1. Hey, how much of the P(r) for segment 85-127 falls beyond 16 Å, as a percent of Cα pairs?
2. For each of TRP49, TRP31, count neighbouring Cβ atoms within 10 Å of the residue's Cβ, then give the residues from fewest to most.
3. For the residues ASP27, ASP62, ASP133, what sequence is obtained by ranking on other C-beta atoms within 10 Å, fewest first?
4. So how much slack lies between GLU114 and ILE25, counting 0.36 nm per residue of separation and subtracting their Cα-Cα distance, in nm?
5. Among THR79, THR18, what is the fewest-to-most ranking by other Cβ atoms within 10 Å?
6. Would you pull out the residues with amide H under 5 Å of LYS120's amide H, same chain only if 5 or more places away, H placed 1.01 Å from N?
7. Provide the gained length on full extension for the span GLU83 to ALA58, in nm with one decimal, where the gain is 0.36 nm per separating residue minus the Cα-Cα distance.
8. Would you mind checking the pairs LYS120/LYS143; LYS107/LYS143; LYS59/LYS85; LYS102/LYS131; LYS39/LYS147; LYS19/LYS143 and listing those with alpha carbons more than 18 angstrom apart?
Amino acid sequence: MDGAYQSESLMSNIINLTKAGITDINDIFEWRNHPDIRKNSFNQELLSWEEHEKWFMAKLKDPDTTAYMAYYEEKKVGTIRFEGKESVIKTSVMLNPDFLSKGFGSKVIKLGVEKFVMEKKPDMRIIAEIKKDNVTSIKAFGKAGYKESHVTFFYDFKVLPNE
C-alpha cells in the first residue's frame, strides 16, 4: 500500500491507514447500512445508493475533509474521517461490522488522529459527537485519549516551543 501509515497494535499485528478513495465507496455503503452501524448513527435511516454516492463523491472533493481506510491483515477494518478547516475538527469513525467489539475502534481512532495531525497542523481540537447510549464508541474514544465534555469528546494537540 503506497503511502500507508502503520502502527503496531496491541495484538502484535499491523494496522495500515491509507487515504480513502473511490474504491472504498461500496464497502462504506454496505457498512453504513448494516443494522449494527445504523443503530448507533444519528441518522438511522437506510441510505439509497444514489444518496450515498452523492455524499461520498462530495466528501472526496471537499478540501476540508480527510478520510482514511484502515486495514488489518489486508482486510478493511474501518474508516475514519476528519472535517473542518478552523481550529476545531470533527471526526467520525465507522468499523466494518465484521470487526466490531474486537478492540479495533480505539486503534483506528488513535492511528487516524496521529496521521491526520502529522499531515495537518497540530494546534487544533479534534471532537467527536457520540450518542449517549453508544457505550462502545464512548469507550473506544476514551481509550484513544479523548476526554468527555458533556456529550462531546475532544482531543487537544498543542505545539510547545523548544526551550
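Values in this text are rule-based calculations from the coordinates and carry no lab data. Here the structure is a predicted model, which is why all the values come from computation and not from measurement. Don't worry about glycine lacking a Cβ; one is built from the backbone with ideal geometry, like all the others, and counts go over all protein chains shown.
1. Details: 372 of 903 pairs.
Distances greater than 16 Å cover 41 percent of the Cα pairs.
2. Working: TRP49 11, TRP31 22.
Fewest-to-most ranking of TRP49, TRP31: TRP49, TRP31.
3. By the 10 Å Cβ count, ascending, the order reads ASP133, ASP62, ASP27.
4. Details: separation 89, 0.36 × 89 = 32.04 nm, distance 2.38 nm.
Gain in length upon complete extension: 29.7 nm.
5. Values: THR79 23, THR18 16.
If I rank by nearby Cβ atoms, fewest first, I get THR18, THR79.
6. none
7. On the way: separation 25, 0.36 × 25 = 9.00 nm, distance 1.23 nm.
Going from the current span to full extension adds 7.8 nm.
8. Numbers: LYS120/LYS143 23 Å; LYS107/LYS143 9 Å; LYS59/LYS85 14 Å; LYS102/LYS131 20 Å; LYS39/LYS147 23 Å; LYS19/LYS143 24 Å.
Checking Cα-Cα distances, LYS120/LYS143; LYS102/LYS131; LYS39/LYS147; LYS19/LYS143 exceed 18 Å.
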